[in-house]
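Single-structure report; data block below.
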Amino acid sequence: MPEHEVDCSDTSLNQSDWMEHCNTETPAESEPPAADLAFGKPFAWPDGLEVTVVDARVFSDWDEFEEPDPKAHEFRVRVKLDNKSGQPIDLDQVSVSVDGATNGGTTDLTIFSKNSAPLEGRLAKGVSAMKTSDHSLEKRYGKDIVVTVQRTTDDDVLAFPEFTGTIK
């Protein structure tokens, strides 16, 4: 039985049929999907800034005013940034969000006092820096997490790579 002709001028045509039969544009050159990167694997934005989620570790180096929450995994994510671009990069454009990977759950962003290195300031060209992002996730969501590194520049919203790993 021959395949039926699709009327591309039909306004009731659904998007997937139109994309399959009527779209004559060649797909834009695009970078591979920025999802499911393992901790330790780098992701590079087109301008040369490279990010790697190094690890996520349970936090235990409390100061005198902090105390652990027995119902949560409190942890620090270490993020390495390598500025391989030709200019300084504003780290205020970069942020980290974390969610539970297997059972859902959103983390609460926090800042632990000792050895904190928040994503802020500028990173000179050719320079690498290790930054931290501190979080708390209810224990019922487990220790597998997805770390999304978000970056928005003045002229564009850039890819948001996702790194998956386990809180150690």
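The values are calculated or read from the model by the stated rules, or taken from the named source; none is laboratory data. From a predicted model like this one, the values you see are computed outputs, not experimental measurements. All Cβ positions, even for glycine, are placed from backbone atoms using ideal geometry, and neighbour counts span all protein chains on display. Ligands, DNA and RNA are stripped out before the accessible areas are found, and what is left, the full protein with its side chains, is counted by its heavy atoms. Shrake-Rupley method; radii C 1.70, N 1.55, O 1.52, S 1.80 Å.
Restricting things to alpha carbons, find the Rg to Rh ratio for the range 42-109 using the Kirkwood radius for Rh.
Working: Rg = 15.5 Å, Rh = 14.5 Å.
Using Cα coordinates only, the ratio equals 1.06.
With θ set to phi - 60°, apply the Karplus curve 6.51 cos²θ - 1.76 cosθ + 1.60 along the range 57-68 and write out the HN-Hα couplings as whole Hz, x wherever there is a Gly or Pro.
In residue order, the calculated couplings are 10, 4, 8, 9, 8, 6, 8, 5, 9, 10, 8, x Hz.
Show which lysines lie in cross-link reach of LYS41 when reach means a straight Cα distance below 23 angstrom and same-chain residues fewer than eight apart are skipped.
Output for LYS41: LYS80, LYS84, LYS125, LYS131, LYS143, LYS168.
Can you give the local net charge around GLY48? Use residues other than it whose beta-carbon is closer than 9 angstrom to its beta-carbon, Lys and Arg +1, Asp and Glu -1. It would help to have the intermediate numbers written out before the result.
Values: positive: LYS84, LYS125; negative: ASP47, GLU50, ASP82.
Counting the neighbours of GLY48, the net charge comes to -1.
Could you run the Karplus curve 6.51 cos²θ - 1.76 cosθ + 1.60 with θ = phi - 60° over the range 69-76 and give me ³J(HN,Hα) per residue in whole Hz, x for Gly and Pro?
Listing the rounded values in order: 9, x, 9, 9, 8, 9, 8, 10 Hz.
How large is the convex hull of the C-alpha atoms of the range 117-168 per residue, in Å³? Present the calculation step by step, with values, prior to reporting the outcome.
Values: hull volume 6.6 nm³, N = 52.
Cα-based convex hull of the range 117-168, divided per residue, equals 127 Å³.
For the range 51-168, take N as its residue count and report Rg(C-alpha) divided by 2.2 N^0.38 Å.
Values: Rg = 14.8 Å, N = 118, 2.2 N^0.38 = 13.5 Å.
Scaled against compact globular proteins, the figure is 1.10.
Counting other Cβ atoms within 10 Å, which chymotrypsin sites (Phe, Trp or Tyr not before Pro) in the range 100-168 have at most 13 and lie in a DSSP loop?
Taking the range 100-168 and a limit of 13 other Cβ atoms within 10 Å, no loop chymotrypsin sites (Phe, Trp or Tyr not before Pro) are found.
Please list HIS135, HIS73 in order of solvent-accessible area, largest first, computed with a 1.4 Å probe with all protein chains present.
Numbers: HIS135 5, HIS73 30 Å².
The residues order as HIS73, HIS135, largest area first.
For the range 36-62 and the range 71-132, write down the distance between their C-alpha centroids in whole Å.
8 Å
Taking amide H positions as placed 1.01 Å from N in the peptide plane, with prolines and chain starts having none, which residues 5 or more places from ALA117, or on another chain, fall under 5 Å of its amide H?
Result for ALA117 returns THR132.
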